[in-house]
Amino acid sequence: MRKNFYKSLAERFKKDKNIVVLLGDIGVYSFKSAFEFDSTRIYNMGILEQSMLSVAAGLSSRGFIPFVHSIAPFVTERCFEQLKLDIGYENRNVIVASVGNSYDYSALGVTHHCPNDLNIIQSIPNFRVFCPGNSNDVERILNDHLYSPYPKYIRLSEYENNLKLPYEDLSVLQRHSNGLIVVVGNSIRNFDTLLKSEIKATIVYTWNISQFDVNKIKTILNDGDSSVKTCITVIEPSYPAGIIQKICLNVNNIHSINSIAVPPAFIDHYGVKSEIDKSLGLDDESIIQRLKLIYR
Amino acid sequence: MDRTDCVKRIIETSYLNKEGHIASALSVLDAIIVLFEKMSPEDEFVLSKGHASLGLYVVLLKKGIITSKQFYSFGQFDSILGGHPSSHKVPTVKISTGSLGHGMPFAVGVALAKKIKKENGQVYCVIGDGEANEGTIWESALIANTYRLNNLTVLMDYNSSGERAIKMGDCVGKFSSFGWKSSSTDGHDIKLISQALNVDSDSPKFIQLNTIKGKGCKTMENNPEWHHKTPANDIEYQNVIEDVYS
């Protein structure tokens, strides 16, 4: 997902002279062709994330569309006030694209984990928050939102799910009257396994966090028998990011609601991501087992 | 521009509305007066130390950019003029400052944008010595020199606010060591400020303005009590107005 994002952004950069790229000392080599094309619009800003975001706000005030790219905790938690005031309050069209997706940098430890980024950015009015599950989603987000006049946060990951087609921001993958499962971004890696597991529930997929379409959820549920109380499960690759709250506040006839997400605790282990997934019960196999218990 | 009248108006609206960092507005006032006389439409101004907003507002009033009614509504519920300037409300303001250390990196972004677009004009940014405690000031100093933003001038209102906490010491030396063309001058002498602004440079420019907090009102000068205080009653108001000198 990250590499495809680089490729896509480099192509857009060459076509649109209003795009400026600010890198927090990552991805520099991958943007070699962009640097060669026009070095006045792409900068390795080094290790100064707070100022990088304020600089982006200044560029935006003069009509540029800045992309700011760095590792998730450094471009979210470290510089929250710059995001809130210089970009959020000013409602600048700045695209903050993070990488690191909760604990992608598993072996680097807690300093490089950021499972709370979606909540943090979502708490800032005006920001649109996206959690794509694959490169098609990223393309869709850029195509639909790049030129819209609001700030955007795109959570990139090293790991994609295997959905091949471009999906809308809320798509039904499977229909069943026995309940609802909402899968966010790349919280499930292999959808073939999930869809073949004969779980008796409607399965929807989304990557749009801040504009999660709860009315569409209501429509989907009312397509079935609205008198039946619904068991709902939300699967997220982060801390729970508000989708459950939106559902609870808007959907009637909920029998039970379940959250499968990164737990609010420091992950004090290293290893590869799949090891941490497994230890938290967030690998595909563990998630599907839990779903089978919920929807048996 | 009549400085004494500006000082009186700042104290007056602050007293009427029970809000305002009067002393900081008075230390920065001369620099803002000079800049608004000097700037062309191609130039940009950023008041990074947003709490000195009354110093900006009174100049906007004198220049006819805001009305007297607006000026004297300072801090009221429906006013366009808050204790810190909002870009959504105040003409000429491009970034809402108040939290310190945001305006200077923003100004760096504006200067960089003008370089990319090959536009003329300078970006002027006013910071404080206390504000220079913030790491983003020095991050911005690094960026501006790295990209040789000689269209950026930062003026430091060195009113010694920082003396009560983390002292900034020799900021001319500090900015020079970051590659800026740096100088120091009397921040209340309009001719000297103008001369410092007119110096050509291939690098970003730093001007330390040696100022007095509360300048122009004897009661307030270098008196920490007046950092964020307004006259408590008519008697105190009359006393400080009588203390205003030219």
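The values are calculated or read from the model by the stated rules, or taken from the named source; none is laboratory data. Source: prediction; values computed, not measured. Every residue, glycine among them, receives a Cβ derived from its backbone with ideal geometry; neighbour counts consider all protein chains shown.
Please specify each residue of the stretch B:100-113 satisfying the condition of being at the interface with chain A (Cβ under 7 Å from one of its Cβ atoms), free of Cβ contacts under 8 Å to residues at least 60 places away in the same chain and in a helix (DSSP H, G or I). Answer for the stretch B:100-113, where residues must be at the interface with chain A (Cβ under 7 Å from one of its Cβ atoms), free of Cβ contacts under 8 Å to residues at least 60 places away in the same chain and in a helix (DSSP H, G or I): B:105, B:108, B:109, B:112, B:113. For residue A:73, state whether it is outside any strand (DSSP E or B) and surrounded by fewer than 17 Cβ atoms within 10 Å (Cβ to Cβ). So residue A:73 fails the test.
Only one of the numbered conditions (1) touching a strand residue (DSSP E or B) at 6+ places or on another chain (Cβ under 7 Å); (2) crowded, with 23+ Cβ neighbours inside 10 Å; (3) polar (S, T, N, Q) is not met by residue A:210, and that is (2). Is it the case, given these coordinates, that residue B:19 is surrounded by fewer than 21 Cβ atoms within 10 Å (Cβ to Cβ) and over 30 Å from residue B:238 (Cα atoms)? For residue B:19, the condition - surrounded by fewer than 21 Cβ atoms within 10 Å (Cβ to Cβ) and over 30 Å from residue B:238 (Cα atoms) - is not met. Filtering the stretch A:136-145 to residues that are touching a residue at least 24 places away in the same chain (Cβ under 8 Å) and in contact with a strand residue (DSSP E or B) (Cβ under 9 Å, 6 or more places away or on another chain) leaves A:137, A:138, A:141, A:142.
Within the stretch A:20-39, the set of residues being within 11 Å of another protein chain (Cβ to nearest Cβ) and in contact with a strand residue (DSSP E or B) (Cβ under 9 Å, 6 or more places away or on another chain) comprises A:20, A:22.
A Cβ distance below 8 Å, combined with a sequence gap of six or more or placement on separate chains, defines the contacts here; from the stretch A:146-158, residues that are crowded, with 23+ Cβ neighbours inside 10 Å reach residues that are acidic (Asp, Glu) in the pairs A:153/A:117; A:155/A:117; A:157/A:104.
Mind telling me which of the residues B:187, B:173 ends up being closer than 25 Å to residue B:29 by Cα, surrounded by 22 or more Cβ atoms within 10 Å (Cβ to Cβ) and away from chain A (no Cβ under 13 Å)? Of B:187, B:173, the one residue that is closer than 25 Å to residue B:29 by Cα, surrounded by 22 or more Cβ atoms within 10 Å (Cβ to Cβ) and away from chain A (no Cβ under 13 Å) is B:187.
Does residue B:196 qualify as being surrounded by 18 or more Cβ atoms within 10 Å (Cβ to Cβ), among the small types (Gly, Ala, Ser) and within 14 Å of another protein chain (Cβ to nearest Cβ)? Considered against the rule, which asks whether it is surrounded by 18 or more Cβ atoms within 10 Å (Cβ to Cβ), among the small types (Gly, Ala, Ser) and within 14 Å of another protein chain (Cβ to nearest Cβ), residue B:196 comes out as no. Do we have any residue at all in the stretch A:77-91 that's away from chain B (no Cβ under 14 Å), of a type in the set (Ser, Thr, Tyr) and either touching an Asp or Glu at 6+ places or on another chain (Cβ under 8 Å) or farther than 22 Å from residue A:23 by Cα (or both)? There is no residue in the stretch A:77-91 that is away from chain B (no Cβ under 14 Å), of a type in the set (Ser, Thr, Tyr) and either touching an Asp or Glu at 6+ places or on another chain (Cβ under 8 Å) or farther than 22 Å from residue A:23 by Cα (or both). Checking each residue in the stretch B:205-238 for being touching a residue at least 24 places away in the same chain (Cβ under 8 Å), of a type in the set (A, V, I, L, M, F, W, C), farther than 30 Å from residue B:122 by Cβ and part of a loop (DSSP other than H, G, I, E, B) picks out only B:220. Is it the case, given these coordinates, that residue A:43 is more than 25 Å from residue A:1 (Cβ to Cβ), facing another protein chain (nearest Cβ under 10 Å) and of a type in the set (Ser, Thr, Tyr)? So residue A:43 fails the test.
Selection of the stretch B:133-160 for residues being buried (at least 23 other Cβ atoms within 10 Å of the Cβ) and small (Gly, Ala, Ser) yields B:140, B:141, B:144. Scanning the stretch B:195-204 for residues that are over 25 Å from residue B:138 (Cα atoms) and touching a residue at least 40 places away in the same chain (Cβ under 8 Å) yields nothing. Quick check: anything in the stretch B:71-83 touching a residue at least 12 places away in the same chain (Cβ under 8 Å) and under 18 Å from residue A:61 (Cα atoms)? The answer is no; no qualifying residue exists.
Please tell me if residue B:142 is within 11 Å of another protein chain (Cβ to nearest Cβ), modelled with pLDDT of 95 or more and in contact with a Lys or Arg (Cβ under 8 Å, 6 or more places away or on another chain). Here the answer is no, as residue B:142 does not meet what is asked. A residue that is buried (at least 18 other Cβ atoms within 10 Å of the Cβ) and of a type in the set (S, T, N, Q) cannot be found anywhere in the stretch B:113-121. Checking each residue in the stretch B:28-57 for being touching a residue at least 40 places away in the same chain (Cβ under 8 Å), over 17 Å from residue B:85 (Cβ atoms) and part of a helix (DSSP H, G or I) picks out B:30, B:34, B:38.
Answer yes or no as to whether residue A:56 is surrounded by 21 or more Cβ atoms within 10 Å (Cβ to Cβ) and within 8 Å of chain B (Cβ to nearest Cβ). For residue A:56, the condition - surrounded by 21 or more Cβ atoms within 10 Å (Cβ to Cβ) and within 8 Å of chain B (Cβ to nearest Cβ) - is met.
Remark: pairs (first residue in the stretch A:260-275, closer than 25 Å to residue A:295 by Cβ and of a type outside the set (Phe, Trp, Tyr); second residue in a helix (DSSP H, G or I) and modelled with pLDDT of 95 or more; Cβ separation under 7 Å; 6+ apart in sequence or on different chains) = A:260/A:287; A:260/A:290. Residue pairs whose Cβ atoms lie under 6 Å apart, sitting 6 or more positions apart in sequence or on different chains, and linking a residue in the stretch A:34-60 that is at negative phi to a partner that is buried (at least 21 other Cβ atoms within 10 Å of the Cβ) and among the hydroxyl-bearing types (Ser, Thr, Tyr), are A:49/A:70; A:50/B:136; A:51/B:136; A:51/B:140.
Filtered by the rule that a residue be part of a helix (DSSP H, G or I), farther than 24 Å from residue A:39 by Cβ and within 11 Å of chain A (Cβ to nearest Cβ), the stretch B:114-139 gives B:135, B:136, B:137, B:138.
Results for (1) touching a helix residue (DSSP H, G or I) at 6+ places or on another chain (Cβ under 7 Å); (2) in a helix (DSSP H, G or I), shown as yes or no for each residue.
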residue	(1), (2)
B:4	no, yes
B:8	yes, yes
B:59	yes, yes
B:69	no, yes
B:74	yes, no
